[in-house]
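Bear in mind these aren't lab numbers, they're just calculated from the coordinates by the rules spelled out. Here the structure is a predicted model, which means the values were calculated and not measured. Reconstructed Cβ throughout: ideal geometry from the backbone, glycine too, with neighbour counts over all protein chains shown.
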Amino acid sequence: MRAGFGLAEITPPMGVELAGYGYYLQRKCDSVRDPLYARAVILESGKQRQLIVSCDVLGLSQEVADAVISYAGSLGIPRERVMIVSIHTHTGPAVKYHNGCGEVDDAYVAGLAEKIRPALESAAADLSEVARLLYTRGPVPGDYIYNRAAPDGPVDREARGFLLERPGKAPILLANAACHGVFLRCVSCVSADFSGELHRRCAEAGILSVYLNGLCGDIDPWHPSPERMAEYGQKLFETLRAGLQELPLTLSGGRLPFTLRLVPFTREDIREAAARSVRKAGGPEAPAARCALAWEEELLGQFDSLVSEEPGDAAYFVLGGVPVLALPFEGYTGIGMDFRSLAGCPDAMVLGCAEQLRGYLPTRDDFLRDSYAAKESMFLYRRLPPVPGEAERLARQLAEGFIG
């Protein structure tokens, strides 16, 4: 087996609006706390190559993802062996428009895939033999994260990671945990948030690193602050360096097809959903109401093309017998737990925010709470909500596809 690492800066220009935290904040970046990067790893086994790309943004558009996949093809890596994810930082630019939560800078987005491309090329040029493949999984000590959707909701406190040791070359760490990138709160600087702190620790130790964010739709930092962010990054680093166990040098991968069922809305359903949001927000000029009204206008305008089922697929690879699966959603913790249980793979990494970020995928109990993620987030993501229970059904469908 061979492995190569590549890095390319994707920091936006000053003045670009940052994504997340609320509606119509006009939160334009005015400084860089830490640069944003695309980090790529190419794994090669025999004639097969697997590409993993992680981008320091909230989420990508399908156009950018498709362009990166096309670049990968020129390196002999087919689409079914490409995994592209985002870290979901809220101190980075919007790449695909989210109603009211970050204006897209068209010039930046138009050039983003080309900015990512050198990471792939560098990874291909860096390919060298892997002497040992190591894996670790363990709880991150401390009370740094919590389930923001439910006081008694599940929290995956474990960090997971692969370490690829290469003689004469820096080792490569593929690191995974699950948390929203919001430790810095609503600031105007550019930052990769806590994953930037992890990368800093790795660089100091001479380790090349890629962060793969887990399903964090319901997971936030507890008492977020820059100081706690630095502590969490350090704890992640320490956890990932502990308990490493050697795995066989094996690699496979592909894509698992799925179908996402959406609630079929009539025109009247669309109008009523927007009206409820306006009433709840206190009038049509309230930020949340403006978001809902923009959603109403867009969905009514494309009503004849709305569908109740969306096809898709989820990239996966299996390294040393440990699966890594990436979903194009802000998925909830329970989805990953269900997949691991149903697939019989407790070590599996289940990632969120792959390729184009389609929106939240909350679990059934979140719909029972009538929460923001289950209902109102459809305004943000300009789409219809998933059918309640789709998260659990999707986990089952993917697990069956994986073990089948």
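Amide H contacts under 5 Å for W222: I145, Y146, restricted to partners 5 or more places along the chain or on a different chain, H placed in the peptide plane at 1.01 Å from N.
Anisotropy class assigned to region 229-283 is oblate, per the alpha carbon gyration tensor with a/c at or over the 1.5 cut-off and a/b no larger than b/c. Our coupling estimate for region 122-129, obtained by passing each phi through the Karplus curve with A = 6.51, B = -1.76, C = 1.60 and θ = phi - 60°, is 5, 5, 5, 6, 8, 4, 8, 4 Hz, Gly and Pro reported as x. Only one residue of L208, S191, C29 has its Cα farthest out toward the positive end of the dipole of region 2-247, where Lys and Arg carry +1 and Asp and Glu -1 on Cβ, and that residue is L208. Report the one residue of T11, A131, V82 whose Cα lies farthest in the direction of the positive end of the charge dipole of region 2-247 (charges on C-beta: Lys and Arg +1, Asp and Glu -1; origin at the Cα centre). Result: A131.
How about K375: which lysines have a C-alpha closer than 27 Å to its C-alpha, ignoring those fewer than 8 places off in the same chain? In chain and number order, the partners are K96, K280.
Applying the Karplus relation 6.51 cos²θ - 1.76 cosθ + 1.60 with θ = phi - 60° to region 365-376 yields 3J(HN,Hα) values of 5, 5, 5, 5, 7, 6, 7, 4, 4, 6, 10, 6 Hz, where x marks Gly and Pro. With neighbour counts taken as other beta-carbon atoms within 10 Å, the residues W222, W295 rank, fewest first, as W222, W295. Counting only aspartates and glutamates at least 8 places from K47 when in the same chain, those with an alpha carbon closer than 19 Å to its own are E80, E121, D126, E129. Comparing G196, G142, G73 in a Gaussian network model of the chain (Cα springs below 10 Å), the most mobile by mean-square fluctuation is G142.
Oblate is the label for region 105-145, because the ratio a/c of its alpha-carbon gyration tensor axes (a ≥ b ≥ c) is 1.5 or higher and a/b is not greater than b/c. What the Cβ-Cβ distance of V155 and D304 gives, at R0 = 41 Å and to the nearest 0.05, is a FRET efficiency of 0.45. Entry note, the chain: relative contact order of 18 percent, from Cα contacts under 8 Å with a spacing of 6+ residues. Per-residue packing, averaged as other Cβ atoms within 10 Å, sorts the ranges 106-119, 253-266, 198-211 into the order 198-211, 106-119, 253-266, beginning with the highest.
Where only DSSP H runs of four or more residues are counted, the chain gives -9500 deg cm²/dmol as its mean residue ellipticity at 222 nm, each run worth -39500 (n - 2.57).
Over all other residues within a Cβ to Cβ distance under 14 Å of A348, the charged ones net out to -1, with Lys and Arg as +1 and Asp and Glu as -1. Placing +1 on each Lys and Arg Cβ and -1 on each Asp and Glu Cβ, with no other charges, gives region 2-247 a dipole about its Cα centre of roughly 540 debye. Let a ≥ b ≥ c be the square roots of the eigenvalues of the Cα gyration tensor of the chain; is it rounded (a/c under 1.5), or, if not, prolate (a/b larger than b/c) or oblate? Prolate. Near A286, no amide H atom lies under 5 Å from its own; only residues 5 or more places off or on other chains count, and H is placed 1.01 Å from N. Neighbour counting of Cβ atoms within 10 Å sorts the residues F367, F339, fewest neighbours leading, into F367, F339. For A178, the residues 5 or more places off, or on other chains, whose built amide H falls under 5 Å of its own are G214. Only the Cβ atoms of Lys and Arg (+1) and of Asp and Glu (-1) were treated as charged; on that basis the dipole of region 251-404 about its Cα centre amounts to roughly 180 debye. In order along region 379-387, the Karplus-derived 3J(HN,Hα) couplings, from 6.51 cos²θ - 1.76 cosθ + 1.60 at θ = phi - 60°, round to 5, 4, 8, 6, 7, 8, x, x, 5 Hz, and Gly and Pro are given as x. Taking Cβ atoms as reference points and 13 Å as the exclusive limit, the residues near A19 contribute a net charge of -3, counting Lys and Arg as +1 and Asp and Glu as -1. Look at the dipole of the chain built from charges on Cβ: of S122, L247, G233, the Cα furthest out on the positive end belongs to L247. Based on the convex hull around the alpha carbon atoms, region 269-404 presents an average projected area of 8.9 nm². Before anything else, pin down the relative contact order of region 284-366: Cα pairs under 8 Å, at least 6 apart, normalised by residue count, whole percent. RCO, region 284-366: 26 percent.
By other beta-carbon atoms within 10 Å, ranking F237, F194 with the fewest at the front produces F237, F194.
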